[in-house]
Each structure stands twice: as C-alpha cells, then as structure tokens.
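Here's the structure, in structure tokens; my notes come after.
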Amino acid sequence: QQEGIAAEPAALALVARAGAGSVRDAQSVLGQVIAGSGPEGITYTETVAQLGFTDEVLLGRVVQAVAAGDGAALFGVINDIVAGGHEPRRFVLDLLERLRDLVVVMQVPDAIESGMFDLPQDQAADLQAQARLFTPAHLVRIADLVINRGQSAPTFLYLILLYLPTPLAIIMPIAFFF
C-alpha cells in the first residue's frame with residue numbers, strides 16, 4: 001500500500017508462502033512479483049504464474065474429485081495441470097501441502113480463526129469445506145500415497161488416476177507393485 005501498488009490478499013498469501021518463514025526471502029519474492037505485475041497490480045493469477053504454484057482452484061478440483069471417487073474429473077484436472085504447463089513436482093508438493101492443511105483443519109477446529117493459516121476468507125472457507133469430505137485416516141493414507149508415489153512426478157500424475165478414485169482397501173496392496 002505504501003508503494004501505491006494494489007495487491008490481492010490471495011496473491012500476498014502466496015508471497016508469504018514462497019518466503020517460507022523468512023522475511024528477507026518474502027521481501028525478495030515480493031520485489032520479483034511487483035516487477036512482473038501489470039497495471040492492475042499484484043493479482044493472484046499473475047503471482048501463481050510467476051512463482052509456479054498450483055492454482056488453488058486446481059487443487060480444490062483434485063480434492064473434490066478424490067473425495068467423490070470421480071476418476072474422470074481427476075483425469076480432467078491432471079490433464080489441465082499438464083496442458084497448462086505446470087511443473088509436476090510443484091503440483092505434487094502443493095497437493096501434499098493441501099492434504100496436510102486439511103488434516104490440521106480437521107484436528108484443530110479453530111485453526112482458521114486462530115491464525116494458523118494466512119489465507120483470504122474464500123480460500124479458508126474452501127479449506128474447511130474440503131476437510132469435511134474426509135476422515136483424518138483417509139487423508140493420512142492419501143498423503144502417504146502421494147509421498148511414496150510422488151518421487152517420479154510425471155508418472156505420479158497418471159498413477160494418481162489409478163489410485164485415488166479407487167477404494168483405499170484396494171489401493172495399498174496395488175501400490176506395492178508399481
């Protein structure tokens with residue numbers, strides 16, 4: 001604000017996330033984002049593109065598809081991620097972070113209100129709604145799958161299609177064969 005540059009709260013949350021707890025790093029990232037911003041200021045869309053994060057909408061679509069067991073929708077999202085030029089490893093890391101956030105929201109009922117997450121209101125509401133779609137055990141199993149199968153990110157993007165829409169009782173034994 002002091003510099004007269006408009007900034008969307010969601011974009012600033014991404015800058016803080018990219019700073020990984022370091023004020024100096026966050027300031028550096030903010031400078032980079034400002035340099036790459038257009039006349040409309042710092043927007044969420046531009047910041048996602050500049051920093052390489054996976055868009056919250058795409059992560060939300062993945063979570064919804066997994067919760068619904070909808071393989072076709074999941075394939076569509078992953079196709080959008082690949083076709084959109086997103087870095088597969090970044091997607092895997094962002095998905096893992098989302099799963100962790102969902103577990104925290106489930107286990108700490110006032111996590112959003114207490115400031116554990118620096119998110120705009122709409123993203124906080126989405127996170128709470130997504131957390132209600134799973135049990136903690138289900139999320140931990142999915143996260144374990146992401147961790148153990150996410151090492152080869154391009155392959156993982158397509159393996160996730162096989163694993164996540166399938167009942168977890170079937171997933172775990174099959175996963176050992178890949």
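The values are calculated or read from the model by the stated rules, or taken from the named source; none is laboratory data. Just so we're clear, the structure is a prediction, and the values are computed from it rather than from any experiment. In this analysis, Cβ positions are derived from the backbone assuming ideal geometry, glycine residues included, and neighbour counts consider all displayed protein chains. To get the accessible areas, we keep the full protein, side chains included, count just its heavy atoms, and leave off ligands, DNA and RNA. Shrake-Rupley method; radii C 1.70, N 1.55, O 1.52, S 1.80 Å.
Peptides 121-133, 91-103 ranked from most to least packed, by the mean per-residue count of other Cβ atoms within 10 Å: 91-103, 121-133.
Output the peptides 4-12, 50-58 sorted from most to least packed, where packing is the average of other Cβ atoms within 10 Å over each peptide's residues.
Numbers: 4-12: 15.6, 50-58: 18.4.
By packing density, highest mean first, the sequence is 50-58, 4-12.
The string of couplings for segment 62-78 from the Karplus curve (6.51, -1.76, 1.60, θ = phi - 60°) is 4, 4, 4, 5, 5, 4, 7, x, 9, x, 5, 5, 5, 4, x, 5, 5 Hz, one whole number per residue in order, with x for Gly and Pro. Amide H contacts for F134 (H built 1.01 Å from N in the peptide plane; partners 5 or more residues away or on another chain; cut-off under 5 Å): none found.
Hey, what's segment 80-149 come to in accessible area per residue, 1.4 Å probe, Å²? Could you put the intermediate results ahead of the total?
Working: 3760 Å² over 70 residues.
On a per-residue basis, 54 Å².
In a solvent-free Debye calculation with one equal scatterer on each Cα, what is log10 I(q)/I(0) for segment 18-112 at q = 0.15, 0.23 Å⁻¹, listed in the order of the q values? Rounded to two decimals, the profile gives -0.74, -1.20. Here the average projected area of the convex hull drawn through the C-alpha atoms of segment 61-122 stands at 5.0 nm².
Ligands, DNA and RNA left out, the accessible area of segment 12-81 computed with a 1.4 Å probe is 56% carbon and sulfur.
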